[in-house]
1. Quickly run through the stretch 161-171 and pick out the residues that are without any contact (Cβ under 8 Å) to a residue 40 or more places away in the chain and assigned to a strand (DSSP E or B).
2. Pairs under 6 Å by beta carbon, first residue closer than 14 Å to ASN74 by Cα in the stretch 99-121, partner among the polar types (S, T, N, Q) and crowded, with 19+ Cβ neighbours inside 10 Å, six or more apart or different chains?
3. Within the stretch 147-160, how many residues are surrounded by fewer than 17 Cβ atoms within 10 Å (Cβ to Cβ) and touching a residue at least 60 places away in the same chain (Cβ under 8 Å)?
4. Can you find a residue in the stretch 165-176 that is within 30 Å of THR55 (Cα to Cα) and surrounded by 15 or more Cβ atoms within 10 Å (Cβ to Cβ)?
5. Can you tell me how many residues in the stretch 128-172 are of a type in the set (A, V, I, L, M) and over 17 Å from ILE80 (Cα atoms)?
6. For ALA176, all conditions in the list (1) part of a strand (DSSP E or B); (2) touching a residue at least 40 places away in the same chain (Cβ under 8 Å); (3) under 17 Å from ASN31 (Cβ atoms); (4) not basic (Lys, Arg) hold save one; what is the number of the exception?
7. Just the residues that are β-branched (Val, Ile, Thr), surrounded by fewer than 14 Cβ atoms within 10 Å (Cβ to Cβ) and over 20 Å from ASN57 (Cα atoms), please, taken from the stretch 88-143.
8. Which residues, counting only those in the stretch 58-70, are on the phi < 0 side of the Ramachandran plot and under 25 Å from the mean Cα position of the chain (by Cα)?
Amino acid sequence: MSRRTTLRLTLGGLLGVTLTPFMRVAEAGYNIWTGEYTMTRKDIETAVDKRFPTTLNYGQLLSVELTHPQIGFNPQANRINTQVDAQVQNVLLQGQPLKGVLAISSALKYDPVRRAVLLDNPSVERVDVNGMPPAYGQQLTAIGGNVAQQVLNQYPIYTFKPEQLKYGGRDVEPGAITVLPDGIKVEVKTK
């Protein structure tokens with residue numbers, strides 16, 4: 001091996017050893033060039049899946065069970081959509097439970113105390129219940145709005161580790177949150 005090749009390999013190895021500790025700062029989902037964290041559909045689905053199934057009881061008359069969340073993204077409105085299967089049981093009707101779908105749209109915000117990206121201000125986009133006359137649509141939407149607030153409002157979909165909020169020895173904090181066609185990105189800026 002020539003002296004030049006040996007020198008090149010030695011310098012390359014030293015450079016690799018020198019840069020290795022700094023490479024660990026770029027955690028999964030963080031782009032050091034743009035200063036953004038990206039959460040994928042899978043990341044968000046995993047977080048939301050932990051919230052379901054859930055059952056809400058209203059007095060002793062009405063029970064709403066929510067299962068099988070499906071996540072969608074609405075970049076134009078900068079919102080995340082969650083569609084869940086719903087089963088409504090009314091004790092007074094004594095019949096089979098009513099089954100349907102509840103579609104909810106949520107904004108996103110960062111909570112510095114919890115170091116988390118939260119679903120915020122969820123609203124009902126659609127309530128479809130099989131066998132329910134359209135005349136009950138307003139009542140179902142009101143119940144759906146209450147369910148959305150109880151189940152998804154302020155629900156964390158990603159919590160930053162303390163070391164993810166430091167870069168190059170300086171504290172950083174999440175800024176703008178943008179919904180993408182298949183995930184979200186969170187801008188990170190220095191304090």
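1. Residues satisfying the conditions are LYS166, ARG170, ASP171.
2. Matching pairs, first to second residue: ILE104/THR82; LEU119/SER106.
3. Filtering the stretch 147-160 for residues surrounded by fewer than 17 Cβ atoms within 10 Å (Cβ to Cβ) gives 149-150, 153-154, 156, 159.
Imposing the further condition that a residue be touching a residue at least 60 places away in the same chain (Cβ under 8 Å) reduces the set to 150, 156.
Residues meeting the conditions: 2.
4. Residues of the stretch 165-176 that are within 30 Å of THR55 (Cα to Cα), as a first pass: none.
No, the stretch 165-176 contains no residue that is within 30 Å of THR55 (Cα to Cα) and surrounded by 15 or more Cβ atoms within 10 Å (Cβ to Cβ).
5. Let us first name the residues in the stretch 128-172 that are of a type in the set (A, V, I, L, M), namely 129, 132, 135, 140, 142-143, 147-148, 151-152, 157, 165, 172.
With the extra rule that they be over 17 Å from ILE80 (Cα atoms), the set shrinks to 129, 132, 135, 140, 142-143, 165, 172.
Residues meeting the conditions: 8.
6. (2)
7. Of the stretch 88-143, the ones β-branched (Val, Ile, Thr) are 88, 91, 101, 104, 113, 117, 124, 127, 129, 141, 143.
Those left that are additionally surrounded by fewer than 14 Cβ atoms within 10 Å (Cβ to Cβ): 91, 113.
Within the stretch 88-143, VAL113 is the sole residue that qualifies.
8. Let us first name the residues in the stretch 58-70 that are on the phi < 0 side of the Ramachandran plot, namely 58, 60-67, 69-70.
Result: VAL64, GLU65, LEU66, THR67, PRO69, GLN70.
Coordinate-derived values only; no laboratory data. Please read all numbers here as calculations on a predicted model, not as lab measurements. Virtual Cβ from ideal backbone geometry, glycine too; neighbours counted across all protein chains shown.
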